[in-house]
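First comes the structure, then the notes that go with it.
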Amino acid sequence: MTDILLLTPPFVQPNCPYPATAYLTGYLRQRGYSVEQADLSIETLSRIFSREGIANLFDNYDGEGDENCNRMWALRGDYIATIDTVMAFLRGDDPTVANLICSPEFLPQASRFEGAANVEDSFGLLGTKDCAEYLATLYLQDLSDFIRATVSPEFEIVKYAESISLSIGEFSAIEQELSKPRNFVENTMCELLHAHIERTAPRRVGISVPFPGNLLGTLRIGQYIKSNHPSIEVIIGGGYPTTELRTMTDKEIFRYVDYVVLDDGELALERILSGGELLHTYTAEGYTEGSGRISHRERGCPDFDGLPHSLYFSLTEVTNPMHRLWSDGRWNKMMLAHGCYWAKCAFCDTSLDYIGCYDASLTAAEIADQMERVAAQTGSRGFHFVDEAAPPKLLKELSLELLRRGDKFSWWTNIRFEKSYTGDLCALMARAGCVAVSGGLEVASDRLLEMIGKGITIEQATIAMRNFYYAGIMVHTYLMYGLPTESLQESIDAAEVVRQMFRAELIGSAFWHRYAMTVHSRSGLSPEEFGVRRKDRLPNPFANNEVPFAENRGYSLDMVGEGLNISLANWLVGNSLDRPVHKWFGSKVPATTVIPSLITDHLIKPDGCRIYNDKARLVWVGGTPELTDEGILIHTPSSAKEIKLGEEEAEFLYAVMEQTSNLEESYTFEDIRTLWEENFDKSFVEFYSSKKWDIARKFGLLQI
């Protein structure tokens, strides 16, 4: 028998495994337990979007749908004939069919194609694969619309029954859904679950519930197990119970599960498996806080063994390249560190361990070891570090370690736009494989940024974005509107700041979120400090997350949100970047008070890496240098570049490049200055401040 079978329920992003079960599997296996894992999310999607699944879907259509459903039913033969070809292409198994998918009569087309982007404008003549992926995504969205209309209105490719699971005050609200017969989607999931239970014979089943859109699928799994395998204990944990079920008094959920685990699951699961003291765990008898904690190093390497790597498939819902990173490509999800090193933002759940308990105990070498191991398991050399905010110092050390090893990985992560991201650090990260970053600019207002404790300013964020842009690293920024005390004028001014950033090409994409006050955030714990009043005081008996609050706003947030989103949709594709921001709003709003040159004025400010510092490390990450009669010739993969220097200066700089390219050793400016002073009478700082040094920096001589 297997000690535990770990499951990912429907539905999460289909392009790569969600990492929760992989981390739990790695930890429990190193502790000696027999563990199996399965991804019911991708398996269920793959079974539905198959020739057999689509045939069954159309066979059960009763003809009572709308015009779009009737059109799709009329084209059912085309859908059945094309589905396996489309899925093979989206999985990367057969890229040769891209031209076929792009041909006008291959894919059956329903309502999703009517509002599609102009593919010739978006992809041109050379983007055939991208164009085919976009069209194939529209095709799957059409099929999803059919499933919603005929099987379950709650179906979506990346979530299931989210609307039912949001803000559930009492468990009875979702139990009404559980009392209904299982539908086609749920039956498909349960058939796959049955096969995994027969194969692994688990004593316990653990289910990760990261989002509200996983709750109903999870409870259907528990319902199936309790009805058909009552001896198996069911354990749930993850982001949803951690954030929403902490004050649960409603015990009805325990008809479907045996344990509800909060916070990190590694040690809590080990305690359940060993029969030890429970840790941060609910049972039908009540809650046990327990004691104990493991470090991020003890958590170990995620183990993706047993997951169906051949089934994951990419989607292209929008043509923006940054947005696509979430849904396109098989990114291995890992954490560099646990929690957030800042953990002061008023809107964030900083009172919970997953943010407030910061632990960066893994070294850069250990992270690189894990990356090599995971890449060998999954066959993918792309990584998404899912940290709340990756520590700049650790990113520097990891970049140096990857360059030292010669490892070629592609990676991206979440960051804070802070002054640590100098031009040279960004260049170092790019050389080590960083392709993109995402970070919160939030309200784009210095007053509000200070109020929420973000710890950055617009100037600081602009300079960091500039440095990423110059390094060739794409930038996505999270934006927020509707904060307490935010005036209409501040909303318009925030839009102007974002417009100027897009016009300066600092950001490749962005997204406006409407502010929500949560129970575990500083603003939710003390709303009066932020100028608002909480509407109720009593917690719900089941789930608690968003805090309803009252304030005297004086303008429509819906109107503001609509204007912000319409303008952003245009800026994302480079449209109307010179249009005055107040003209995007449906009602009369004030003109911006932001000066037109705010962002360009910040862009010309000096960078921290051009301030001389004896203790700063110097590294050469450029091409192979060669001494010539006129200076130094730098051989890069794409070209040869020359720095024209006198003989003595060339020999000195060549020696510096040779020494600092050895990443096994650390050379500071003090070391280099000493070498200079042994050979020259003039000041080293004079040479450091010269155009020659700037050219060397551009080619890869970095101060970090």
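The values are calculated or read from the model by the stated rules, or taken from the named source; none is laboratory data. The structure displayed is predicted, hence computed values, not measured ones. Reconstructed Cβ throughout: ideal geometry from the backbone, glycine too, with neighbour counts over all protein chains shown.
Here are the numbers:
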{"quantity": "Failed item, numbered, when Thr319 is tested on (1) assigned to a loop (DSSP other than H, G, I, E, B); (2) β-branched (Val, Ile, Thr); (3) at pLDDT 95 or above", "calculated": "(3)"}
{"quantity": "Criterion violated by Ala471 - all others in (1) in contact with a Leu (Cβ under 6 Å, 6 or more places away or on another chain); (2) modelled with pLDDT of 95 or more satisfied", "calculated": "(1)"}
{"quantity": "Candidates Tyr18, Tyr27, filtered to the one that is within 28 Å of Gln370 (Cβ to Cβ), part of a loop (DSSP other than H, G, I, E, B) and not polar (S, T, N, Q)", "calculated": "Tyr18"}
{"quantity": "Subset of segment 633-649 [crowded, with 17+ Cβ neighbours inside 10 Å and either modelled with pLDDT of 95 or more or part of a loop (DSSP other than H, G, I, E, B) (or both)]", "calculated": "Leu645"}
{"quantity": "Helices (runs of 4 or more DSSP H) completely within segment 368-457 that count 3 or more residues being farther than 30 Å from Gly524 by Cα", "calculated": "392-405, 423-431"}
{"quantity": "The one condition in (1) in contact with a helix residue (DSSP H, G or I) (Cβ under 9 Å, 6 or more places away or on another chain); (2) at pLDDT 95 or above that Arg246 fails to fulfil", "calculated": "(1)"}
{"quantity": "Breaking point among (1) of a type in the set (Val, Ile, Thr); (2) more than 20 Å from Ile157 (Cβ to Cβ); (3) in a loop (DSSP other than H, G, I, E, B), for Val12", "calculated": "(2)"}
{"quantity": "Residue ID - farthest from Glu418 (Cα to Cα), chosen from residues in segment 624-645 that are out of contact with any Leu (no Cβ under 9 Å at 6 or more places or on another chain) and touching a residue at least 12 places away in the same chain (Cβ under 8 Å)", "calculated": "Thr628"}
{"quantity": "Of residues in segment 162-177 being assigned to a loop (DSSP other than H, G, I, E, B) and among the aliphatic types (A, V, I, L, M), the one nearest to Arg246 (Cα to Cα)", "calculated": "Ile168"}
{"quantity": "Residue list for segment 428-468, filter: of a type in the set (A, V, I, L, M), over 19 Å from Gly382 (Cα atoms) and touching a residue at least 24 places away in the same chain (Cβ under 8 Å)", "calculated": "Leu441, Val443, Ala444, Leu448, Met451, Ile452, Ile456, Ile458, Ala461, Ile463, Ala464, Met465"}
{"quantity": "Residue match in segment 524-535 (condition: under 27 Å from the mean Cα position of the chain (by Cα), β-branched (Val, Ile, Thr) and either modelled with pLDDT of 95 or more or not assigned by TED's automatic domain parsing to the domain that holds Gly239 (or both))", "calculated": "no"}
{"quantity": "Those residues of segment 645-704 which are more than 27 Å from Met429 (Cβ to Cβ), in contact with a helix residue (DSSP H, G or I) (Cβ under 8 Å, 6 or more places away or on another chain) and polar (S, T, N, Q), in sequence order", "calculated": "Asn679"}
{"quantity": "Identity of the residue in segment 587-623, of a type in the set (Ser, Thr, Tyr) and surrounded by 13 or more Cβ atoms within 10 Å (Cβ to Cβ), that ends up farthest from Glu664 (Cα to Cα)", "calculated": "Thr592"}
{"quantity": "Residue that is surrounded by the fewest Cβ atoms within 10 Å (Cβ to Cβ), among those in segment 174-193 that are free of Cβ contacts under 8 Å to residues at least 40 places away in the same chain and over 21 Å from Val12 (Cβ atoms)", "calculated": "Pro181"}
{"quantity": "Pairs, first at positive phi in segment 353-374, second among the acidic types (Asp, Glu), C-beta under 6 Å, six or more apart", "calculated": "none"}
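Per-residue answers, yes or no, for (1) more than 29 Å from the chain's Cα centre (by Cα); (2) more than 23 Å from Pro19 (Cα to Cα); (3) in a loop (DSSP other than H, G, I, E, B):
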site: Asp264; (1), (2), (3): no, no, yes
site: Glu270; (1), (2), (3): no, no, no
site: Leu273; (1), (2), (3): yes, no, no
site: Cys301; (1), (2), (3): no, no, yes
